[in-house]
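Presented below is the structure to which this report refers.
The values are calculated or read from the model by the stated rules, or taken from the named source; none is laboratory data. Computed from a prediction, not measured in an experiment: that's the story for all the values here. No Cβ is skipped: glycine too gets one built from the backbone with ideal geometry, and neighbour counts run over all protein chains shown.
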Amino acid sequence: MSTEFQAAAAHLAAEFLAQNPTERLKALRAQVPGRVVFTTSLGLEDQVITHLIGEARIDIDIVTLDTGRMFPETYTLWRDTEDRYGVSIRPYYGKGDALEALVAKQGIDGFYNSLESRHACCEVRKVEPLGRALAGASAWVTGLRADASQNRAGMEAVALDTARGLIKFSPLFDWTRERIADFAARENVPVSPLHAKGFLSIGCAPCTRAIAPGEPERAGRWWWEQEDAKECGLHVDADGRLIRAKAANPETLHK
């Protein structure tokens, strides 16, 4: 990773708190050459980011990881979002031979059987496709928020992902869910109808349930597992720990 690249990341981090999310995305595009990729799950945060990119016509590729097990509502929202903003959300799928081998080994819903099986499913359907989606990219835009879980609070809004050789950038990192929901309502951003039914964090249909009042936001993801910090693998290392990418600025944004 070049010193120029590191300097751009440090500058983005230094200016982050003084900017609104649109300004943050524009600054990222202006200061980082090459391909910038936004991975959307079509959840609330990601829909707002798509809105910002689409309204400002920022040159950022929008992609999604289609696991083949998504809610019907998610596919409808995907179509409606493309129509609303005139954008193309490019899908990345698990490789056919790997999917066939996975289901042959563990069954169609084998991810319920063990943590190892669930991680194997996420690896084939999400993690490997993510690698292809980010191949050759200079920056990766995500919808991560610090308050989404205690586990994510220790991450950075702007970080150097040295393993992938890119800048990891989360323009809504310091926004609360309430603030994002208010913005979406005010700007008439298309959002999933599942949110109103208690599905705050939406993933694959068989791996997501509505949460009860008072439950943590991500309690509905992989609810049958007992671990406290549950992730699909997109932001974790081989041992299942969240990747603490190198901060782009020694004066971290969120202490």
(request) Taking only the range 56-73 into account, find how many residues are touching a residue at least 40 places away in the same chain (Cβ under 8 Å), more than 25 Å from Leu99 (Cα to Cα) and part of a helix (DSSP H, G or I). (result) 0
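Whether any residue in the range 169-178 is under 17 Å from the mean Cα position of the chain (by Cα), β-branched (Val, Ile, Thr) and surrounded by fewer than 19 Cβ atoms within 10 Å (Cβ to Cβ) is what I want to check.
Going residue by residue through the range 169-178, those that are under 17 Å from the mean Cα position of the chain (by Cα) are 169-177.
Narrowing further to those that are β-branched (Val, Ile, Thr): 176.
This time we only want the ones that are surrounded by fewer than 19 Cβ atoms within 10 Å (Cβ to Cβ), so: 176.
The answer is yes; a qualifying residue exists.
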(message) Whether any residue in the range 20-41 is among the aliphatic types (A, V, I, L, M), touching an Asp or Glu at 6+ places or on another chain (Cβ under 8 Å), at pLDDT 95 or above and part of a loop (DSSP other than H, G, I, E, B) is what I want to check.
(response) no
(message) Looking at Phe199, Phe183, can you tell me which residue is of a type in the set (Phe, Trp, Tyr) and outside any helix (DSSP H, G or I)?
(response) Phe199
(message) Quick check on my filter: what residues within the range 74-102 are free of Cβ contacts under 8 Å to residues at least 60 places away in the same chain, more than 14 Å from Cys204 (Cβ to Cβ) and assigned to a helix (DSSP H, G or I)?
(response) Thr76, Trp78, Arg79, Glu82, Asp83, Tyr85, Gly96, Asp97, Ala98, Glu100, Ala101
(request) Consider Pro171 carefully, then state whether it is part of a loop (DSSP other than H, G, I, E, B) and touching a Phe, Trp or Tyr at 6+ places or on another chain (Cβ under 9 Å). (result) yes
(request) Would you be able to tell me the number of residues in the range 204-229 that are in contact with a Phe, Trp or Tyr (Cβ under 8 Å, 6 or more places away or on another chain) and of a type in the set (Gly, Ala, Ser)? (result) 3
(message) Please count how many residues of the range 202-216 are in contact with an Asp or Glu (Cβ under 9 Å, 6 or more places away or on another chain), in a loop (DSSP other than H, G, I, E, B) and within 20 Å of Leu65 (Cβ to Cβ).
(response) 1
(request) Assess whether Leu44 counts as being within 25 Å of Ala185 (Cα to Cα), surrounded by 14 or more Cβ atoms within 10 Å (Cβ to Cβ) and in contact (Cβ under 8 Å) with a residue 24 or more places away in the chain. (result) yes
(message) Between a residue in the range 186-215 that is on the phi > 0 side of the Ramachandran plot and surrounded by fewer than 18 Cβ atoms within 10 Å (Cβ to Cβ) and any residue that is among the aliphatic types (A, V, I, L, M) and in a loop (DSSP other than H, G, I, E, B), which pairs come within a Cβ distance under 7 Å, given they are 6 or more apart or on different chains?
(response) Gly198/Ala210; Gly198/Ile211
